[in-house]
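The values are calculated or read from the model by the stated rules, or taken from the named source; none is laboratory data. None of the values given here were measured: they were computed from a predicted structure. Ideal geometry is used to build each Cβ from the backbone, glycine not excepted, and the neighbour counts take in all protein chains shown.
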């Protein structure tokens, strides 16, 4: 059932198998998972491998171990009240525009620049940069960074899926605080090219940090850059 020739560590394969069983509905929220012994026999791996996979899932908030009873699937925590301020897709949909995404960068990299103000202790993070297109025109550059556990979820999304929605519905994410700032400025050369801007156009830059409960480190940073005229049409309408 598992591929021992796969470059992915076995515990990661076990973890992905369990997630697949949960996501398929075989083990719905609050249901009991098989025991370590049952998983060991089913997947033909060592108990230590199964224990490592379950430990990761517990840290991510997807499962809960109840002493003397068993291991259970946790109900997802949803934070839809944050969606208007964390989702560009949600805001642009308010305008009636169809949104498409073009991936520019998808990698694991060392954070630098302004990220070090809050992630100085983070050695590696997931980096995803996309061009957002609505109505056939480029409307935003979205440059996002994620702590590694969250990035595992993000890179599995289809290009049309909302990253913000994935964060809001992630079982291990319980958003407690969102810090957001907006700056209107002149675009740089790459922004002019990607957004097809004339020389007199300005851009609105929105930066956002997302924090979860009981964790001093933010789990996500994103910088949106869009033509200034989209500012009111997207974020203001989206906040209503």
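Values for this structure:
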| read-out | value |
| --- | --- |
| Residue in segment 123-135 that is in a helix (DSSP H, G or I) and modelled with pLDDT of 75 or more present | no |
| Extreme residue, nearest to residue 178 (Cα to Cα), among residues of segment 55-69 that are surrounded by 13 or more Cβ atoms within 10 Å (Cβ to Cβ) and over 21 Å from the mean Cα position of the chain (by Cα) | 64 |
| Any pair with Cβ under 6 angstrom, 6 or more apart, that starts in segment 137-163 at a residue that is touching a residue at least 24 places away in the same chain (Cβ under 8 Å) and ends at one that is surrounded by 16 or more Cβ atoms within 10 Å (Cβ to Cβ) and assigned to a loop (DSSP other than H, G, I, E, B) | 147/219; 149/60; 150/219; 162/87 |
